[in-house]
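What follows is a single structure, written as structure tokens, with notes after it.
The values are calculated or read from the model by the stated rules, or taken from the named source; none is laboratory data. A quick note: this is a predicted structure, and the numbers were derived from the prediction, not measured. Here the Cβ positions follow ideal geometry from the backbone for every residue, glycine too, while neighbour counts run over all protein chains shown. Protein only, heavy atoms only, side chains kept; ligands, DNA and RNA dropped before computing areas. Shrake-Rupley method; radii C 1.70, N 1.55, O 1.52, S 1.80 Å.
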Amino acid sequence: MRADLHVHSSYSNDGVSTPQQIVDRAIEVGLGCVAITDHNSFKAYYDVKDNGKIIIIPGEEVSSKEGHILAYGINKEIPRGMSIQDTIDAIHEAGGVAFAAHPYRWWSGLGEKNTLQYDFDGTEARNARSVPRANRRSEALAKKIGKPISAGSDAHSPPRIGSGSVDLPDGLTTWQEVLDHIMNHDVKVDSTSRGRTASLRYGIKSIGQWMFRGFRKM
Ligand SMILES: [Zn+2]
Ligand SMILES: [Zn+2]
């Protein structure tokens, strides 16, 4: 079973997929599990958790003061804007695990030093919206840290869903079993990477959106 552990819905203000479209597309591309990790929102989980077809992991991509942190298995929304340590603590208090998202991404990544320094439960080793070099480096960093790893598409629209994923055994039936497996076993990760043109577009878009939001980072 493949699981895409980083997907945005329309609850992220830069995402266009409704939670139901995510489920439909995930089934279409053969995924058995998706973690919906909206920017600072936890709402999509409730819309599709009982879809009867694929496993949905409750998640969120939290904007800490110093970069994005993925929360998996949480039971409530984690507020944005806290320090890295406070964000990790809040995720643990909400019953979840904290993974360093796309550590090498310009603008929204935590950077190598923070990823090494803080006691994350795991690292995102591959992200389909990261450039090839960033993916190579995060895989190497994840190996060096030696903790559990995740991977995902970071899709903000349906066509991208499934372009990053982890391999899991068939037969897992709950998100708890999926997380348990990720936390306790070596999982295989895979993803495409972002091309050069898309990277340039991302850079320009990031700055544009930042200005539009009144100089507030996503
Ligand atoms: Zn991010
Ligand atoms: Zn993301």
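Suppose the filter is at pLDDT 95 or above and either within 26 Å of A140 (Cα to Cα) or polar (S, T, N, Q) (or both); does V166 pass it?
Numbers: at pLDDT 95 or above: yes; either within 26 Å of A140 (Cα to Cα) or polar (S, T, N, Q) (or both): yes.
Answer is yes for this residue.
Please state which one of I91, I78 is buried (at least 24 other Cβ atoms within 10 Å of the Cβ) and assigned to a loop (DSSP other than H, G, I, E, B).
I78
Take the residues in region 24-50 that are within 21 Å of E77 (Cα to Cα) and more than 16 Å from ligand 2 (Cβ to nearest atom), then tell me which one is surrounded by the fewest Cβ atoms within 10 Å (Cβ to Cβ).
Taking region 24-50 as the starting set, the residues that turn out to be within 21 Å of E77 (Cα to Cα) are 33-50.
From what is left, the residues that are more than 16 Å from ligand 2 (Cβ to nearest atom) are 33, 46-50.
Values: C33: 23, Y46: 11, D47: 17, V48: 22, K49: 14, D50: 7.
The residue in question is D50.
Output the number of the condition that W106 fails; it satisfies all remaining conditions of (1) open to solvent by 10 Å² or more (accessible area, probe 1.4 Å); (2) among the hydrophobic types (A, V, I, L, M, F, W, C); (3) in contact with a Pro (Cβ under 8 Å, 6 or more places away or on another chain); (4) not in a helix (DSSP H, G or I).
(3)
Filter region 173-210 down to residues that are open to solvent by 100 Å² or more (accessible area, probe 1.4 Å), modelled with pLDDT of 80 or more and part of a helix (DSSP H, G or I), then give me how many there are.
Number of matching residues: 1.
Looking at A98, A134, which one is part of a strand (DSSP E or B), buried (at least 19 other Cβ atoms within 10 Å of the Cβ) and within 16 Å of ligand 1 (Cβ to nearest atom)? Quick ask: steps written out before the conclusion?
Working: A134 fails: part of a strand (DSSP E or B).
It is A98.
Restricting to region 111-128, count the residues that are surrounded by fewer than 17 Cβ atoms within 10 Å (Cβ to Cβ) and assigned to a loop (DSSP other than H, G, I, E, B). Before you say what the answer is, go through the steps one by one.
Taking region 111-128 as the starting set, the residues that turn out to be surrounded by fewer than 17 Cβ atoms within 10 Å (Cβ to Cβ) are 111-113, 116-117, 119.
Then drop every residue that is not assigned to a loop (DSSP other than H, G, I, E, B), which leaves 111, 119.
Counting residues in region 111-128 that are surrounded by fewer than 17 Cβ atoms within 10 Å (Cβ to Cβ) and assigned to a loop (DSSP other than H, G, I, E, B) gives 2.
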